[in-house]
Amino acid sequence: MTPPLKTVARDSGSTAPAPDSRHDSLPALLADIRARRSEFVAAQKIPADIIEGFKRLGVYRAMVAKRFGGEERTPAEFCRLIETISEADGSAGWVASFGSAACYLAALPEPTLRKVYAKGPDVVFAGGLFPLQPATRSADGFVLNGVWKFCSGASGAELIGAGIMVENDSTGGLPRVAVMPADKVTIRPNWDVIGLEGTGSHDIIVKDVVVPEEWTLIRGGPASLDAPIYRYPSLCFAAQVLAIVGIGVARSALDDVIAMAGSRASITGAPVMADRGYVQLEVARAEAMLRSARSFFYDATDALWSEVLAGAPTQKTMTLMRLAATNAARCGAEVARIACGLAGTTSIYTTHNLARAMCDSLVVAQHAFLSEGTMQSAGRILLGLPAQPGFP
């Protein structure tokens, strides 16, 4: 049954909470996130003080242009930050990953970007881009009406983007994204899922909102700013920042099993886990799988970044990056499954980190950017066949 339409309280804007001394360093923030994972699930959102912690630690300014007070970090640097947060909690890592949206926003006109960052670089953006909804032109811009799915982190966002299609629009087949203040959007709470519950990826509803054309961008189009990070392929980066969440979650799950293996005895009288041959084999297999996937991921990231710095990336390098991202997500899910299985009945409780990790990693691997289809598309290109639309 479709949930009733209502507005969900937001966690951002002029009423942002006062700084919390617990979050003055990354280790302190991560410790608090670990302690409050069940809270995120129950609330179906990452709370305001955690978002503020992300701001203070640079999550939202990392990819913002230096001229606006940002840092223009490299893709690998940003992914490592998201990976670390995801080890503490998958939902927190997923929401933090949308700090990468500053690269999307860089396609807005430069005067609009000055308005976006007028009060500083730590702007929280969320997007419900699909399905694209028809918009009509008016003298003041575009009139939006529609429903968009999977708007992760919307309850804590200051700006929200929605994907639109406009008749006779000259976007070259790429989606246009309308960016508006979060208070123009209604959130319909219907995020009833088995993993990443804390992302609050609800539907958003927009009714008769006019968005000026200068507050729209072409997703995947050229940036209005000239810096290497804004020449990095946007679809590759979008897939990367999500895939690395799965690697962080899997690392946490495997570390949990290794920690319990030395002391946990079976209720049946069997040896402690670490002394069982099958546990030794599975832990070794999972460790090799996770480290291999992670190495491929960062090797592909570095190769793609090097080509961007040198000029323009090749299709093969972009393809390998998409393949590495999908492989990371899928291997992360498999490692979390192995860890959960080794723990036996300990991992069946909904509040246990292993159960949460297995479900979170599964949801990561189900994302459209990381699906089985991306593997097929990568295979086509590696075999010399034409790329499918929208890939890489």
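How many of the residues in segment 158-171 are over 22 Å from H367 (Cα atoms), in contact with a Pro (Cβ under 8 Å, 6 or more places away or on another chain) and surrounded by 15 or more Cβ atoms within 10 Å (Cβ to Cβ)?
Adding up the residues that qualify gives 3.
For segment 365-392, what are the residues that are touching a Lys or Arg at 6+ places or on another chain (Cβ under 9 Å) and either without any contact (Cβ under 8 Å) to a residue 40 or more places away in the chain or of a type in the set (A, V, I, L, M) (or both)?
Matches in segment 365-392: A365, L370, E372, M375, A378, I381, L382, P386, A387, Q388.
Name the single residue, out of those in segment 172-211 being in a loop (DSSP other than H, G, I, E, B) and crowded, with 17+ Cβ neighbours inside 10 Å, that is modelled with the lowest pLDDT.
If we take residues in segment 172-211 being in a loop (DSSP other than H, G, I, E, B) and crowded, with 17+ Cβ neighbours inside 10 Å, then P175 is modelled with the lowest pLDDT.
Take the residues in segment 41-87 that are of a type in the set (A, V, I, L, M) and part of a loop (DSSP other than H, G, I, E, B); name whichever of them is surrounded by the fewest Cβ atoms within 10 Å (Cβ to Cβ).
L57
Checking A139 against (1) touching a strand residue (DSSP E or B) at 6+ places or on another chain (Cβ under 6 Å); (2) over 21 Å from A126 (Cβ atoms); (3) of a type in the set (A, V, I, L, M, F, W, C), which single condition isn't satisfied?
The one condition A139 does not meet is (1).
I'm checking my understanding of the structure. Among residues of segment 226-257 that are part of a helix (DSSP H, G or I) and acidic (D, E), which one is nearest to F296 (Cα to Cα)?
Taking the candidates together, the pick is D255.
Cβ contacts < 8 Å: first residue in contact (Cβ under 8 Å) with a residue 60 or more places away in the chain, restricted to segment 291-310; second residue among the charged types (D, E, K, R), any location; separation 6+ or different chain. Result?
Cβ pairs passing all conditions: V308/R231.
Taking into account only those residues within segment 212-248 that are surrounded by 24 or more Cβ atoms within 10 Å (Cβ to Cβ) and among the β-branched types (V, I, T), which is nearest to the chain's Cα centre (by Cα)?
Per the stated criteria, the residue is V241.
Which one of the conditions (1) modelled with pLDDT of 95 or more; (2) not assigned by TED's automatic domain parsing to the domain that holds S361 does A239 fail to meet, given that it meets all the rest?
(2)
Somewhere in segment 378-387, is a residue of a type in the set (G, A, S), closer than 19 Å to V241 by Cβ and assigned to a helix (DSSP H, G or I)?
yes
Quick one: which residue in V95, V123 is of a type in the set (A, V, I, L, M, F, W, C) and outside any helix (DSSP H, G or I)?
V123
Which residue pairs have Cβ atoms under 9 Å apart, sit 6 or more places apart or on different chains, and have a first residue in segment 346-359 that is within 16 Å of D89 (Cα to Cα) and a second that is of a type in the set (K, R)?
Going by the 9 Å Cβ cut-off, the qualifying pairs are T350/R356; T351/R37; N353/R34; N353/R37; R356/R37; M358/R337.
The values are calculated or read from the model by the stated rules, or taken from the named source; none is laboratory data. Since the model is a prediction, treat every value here as computed from it, not as a measurement. FYI the Cβ positions are ideal-geometry reconstructions off the backbone, even for glycines, and counts take in every protein chain you see.
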